[in-house]
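The values are calculated or read from the model by the stated rules, or taken from the named source; none is laboratory data. In this text, all values refer to a predicted model and were calculated from it rather than measured experimentally. We place every Cβ from the backbone using ideal geometry, glycine too, and count neighbours over all the protein chains shown. With ligands, DNA and RNA removed, areas are computed over all heavy atoms of the protein, side chains included. Shrake-Rupley method; radii C 1.70, N 1.55, O 1.52, S 1.80 Å.
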Amino acid sequence: MDRTGDESPAVNGRVSFWYAQTGLPEPRPALPGDADADVCIVGGGYTGLWTAYYLKKADPGLRITVLERRFCGYGASGRNGGWLYNGFAGRSAFARRYGAGPAAAMQRVMDEAVGEVADTVAAERIEADLVRGGVLEVARTPAQLARLRAFATAERSFGADRVRLLTAAETGERIRIAGTLGGTWTPYGARVQPAKLARGLAEVVAGLGVRVHERTPVTAVEPGGAGRRARAVTPHGTVTADHVLRATEGFTAGLRGERRTWLPMNSAMIATEPLPESFWARTGWTGREVLGDFAHAYMYAQRTADDRIALGGRGVPYRYGSRTDADGTTQPATVRQLREILDSFFPAAAGARIDHAWAGVLGVPRDWCATVDLDRASGLGWAGGYVGSGVTTANLAGRTLRDLVLGRDTELTRLPWVGHRVRRWEPEPLRWLGVHALYAAYHAADRQESTGRATGSPLARLADAISGRH
């Protein structure tokens, strides 16, 4: 790798690098006209597909229709970092609001969900490059190390074997990262190739008899009541159903009346060229752990099946008016920022070519807490607001929506995120100003902490308090 570190990617956008590997799928036929179903699912990402899968497995006679505006896995499900892990959005907030017991129950089922996904992928013979290497998170400043240790203490309160606190040397035995002061490792995590998982799951669902209509944008979801059933409205026709389930995550703002429900937060990634064996001999990473850090504007990464580093972070966090990107294209400034993170973590990769850059949106509720629910009176249900932890949480959402639709009283339907309510986001321009100020504060806090201060930046604490993030 004797090139200079040119931050310009060979490809920017085209949905994601993951689809560059597999090729973009040929979309299934659009909805041919008005239709009737028992359950209509709006959104063909992980949440919608897992919900259809578990419902059809539980009751093969159900007439289930999935509506997707482009193709299944077009959104965050085909663009994410491939972190199948046990984190979920809002654990601290749930503990404060509902108590330690319900929060612990939620954490337990999230731990189990990692294995549920892995086992189902194996049983259904979905080739998704899944490796259960766990999650390694590192600290590279004294303030990050303090947060890491506090995190380890909090995790151990949910079970003594949940997380292993690592010294700098022990962290280096897994992955040698420049400037590492310490780390944590948990077994509750796996690497996946996101697009392969989405495509494989879509094929399985269609094979079970679920009607999957792509190239079918839903413009509005209308409640039932007073003798009328719920409806999903599209330019091609309307699907009328006993239950209409919204599984649109970061694209929720595009539905009529939902612009302020969840904020579409941008996250961007880069993928290097395949790196030579000499790099991996120096770096390690033989366990294929997914990798993160304890910065406020944190990074996330994986070693891909073909020996690249795929690395992501926030970049430009939000587009005015809840707009979303054009097929994953991201800004040059974001690519440069991610390149700097890559070179800082792995100086030996400083000459590596960046083959692909892309972006996507994730759904952020005003209190940063994921939610799932079904209103039986209107027939409308929803799940999402995963704040970047959706690869595993979507599976739990699918099983929970199954139980809610079927009227089951189960451990899943009693979890604290079921029926959780939160206020809507502020109107523009307050929304844009607030989000950009928030992430400016987080980036400034990381710069302050990089000077070696032992305590966390007060800028980050202020940003957390204003955002309601913790």
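Numbers below:
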read-out: Separation in nanometres of the label points that stand 7 Å from Cα toward Cβ, at Ala169 and Glu277; value: 2.9 nm
read-out: Within the range 38-172: Cβ-based charge dipole about Cα centre, in debye rounded to nearest 20 (Lys, Arg +1; Asp, Glu -1); value: 540 debye
read-out: Relative contact order for the chain, counting Cα pairs under 8 Å that sit 6 or more residues apart, in percent; value: 25 percent
read-out: The range 210-297 pair-distance distribution - Cα-Cα, 10 Å bins, rounded %; value: 12, 28, 20, 15, 17, 7, 1
read-out: Cα Rg, Dmax, the chain, angstrom units; value: 21.4, 70
read-out: Distance between modelled label sites at Ala465 and Glu26, nm, 7 Å Cα→Cβ extension; value: 5.9 nm
read-out: The range 108-165-the range 213-264 distance, computed between alpha-carbon centres (Å); value: 34 Å
read-out: Beta bridges by DSSP in the chain, antiparallel share as percent, to the nearest 5; value: 65 percent
read-out: Accessible carbon and sulfur surface of the chain relative to its total accessible area, %, 1.4 Å; value: 52 percent
read-out: The range 225-237 - phi-based ³J(HN,Hα) in whole Hz, Karplus 6.51/-1.76/1.60, Gly and Pro as x; value: x, 6, x, 10, 8, 5, 9, 10, 9, 9, x, 9, x
read-out: Top positive-direction residue, dipole computed over the range 1-77 with Cβ charges, set Tyr74, Gln21, Ala52; value: Ala52
read-out: Gain on full stretching of the segment that runs from Glu112 to Thr219 - 0.36 nm per residue minus C-alpha separation; value: 35.0 nm
read-out: Between the range 184-206 and the range 364-408, the Cα center-to-center distance that results, in Å; value: 19 Å
read-out: Residue-normalised accessible area of the range 157-248, given per residue in Å² at a 1.4 Å probe; value: 39 Å²
read-out: Residue range of the chain that is longest and free of GluC sites (Glu not before Pro) which are both DSSP loop and sparsely packed (at most 13 other C-beta within 10 Å); value: 128-410
read-out: Pairwise FRET efficiency - Arg96 versus Glu203, Cβ, R0 = 45 Å, nearest 0.05; value: 0.60
read-out: Å² of accessible area per residue within the range 318-470, as computed with a 1.4 Å probe and no ligands counted; value: 38 Å²
read-out: Rounded to the nearest 20 debye, dipole of the range 258-412 from Cβ charges on Lys, Arg, Asp, Glu; value: 320 debye
read-out: ³J(HN,Hα), Karplus 6.51/-1.76/1.60, whole Hz, each residue of the range 263-271, x for Gly, Pro; value: 8, x, 8, 7, 9, 10, 9, 10, 10
read-out: Farthest toward positive dipole pole in the range 121-177 [+1 Lys/Arg, -1 Asp/Glu at C-beta], among Gly172, Thr141, Ala152; value: Thr141
read-out: Linear extension gain, Ala10 paired with Arg323, 0.36 nm per residue minus alpha-carbon span; value: 110.2 nm
read-out: Positive-end extreme of charge dipole, the range 259-385 - chosen from Trp280, Met265, Gly321 (charges on Cβ); value: Gly321
read-out: Computed E for Arg414/Ala150 - FRET, C-beta separation, R0 22 angstrom, nearest 0.05; value: 0.15
read-out: Magnitude of the charge dipole, the chain, Cβ model with Lys/Arg +1 and Asp/Glu -1, debye to 20; value: 1020 debye
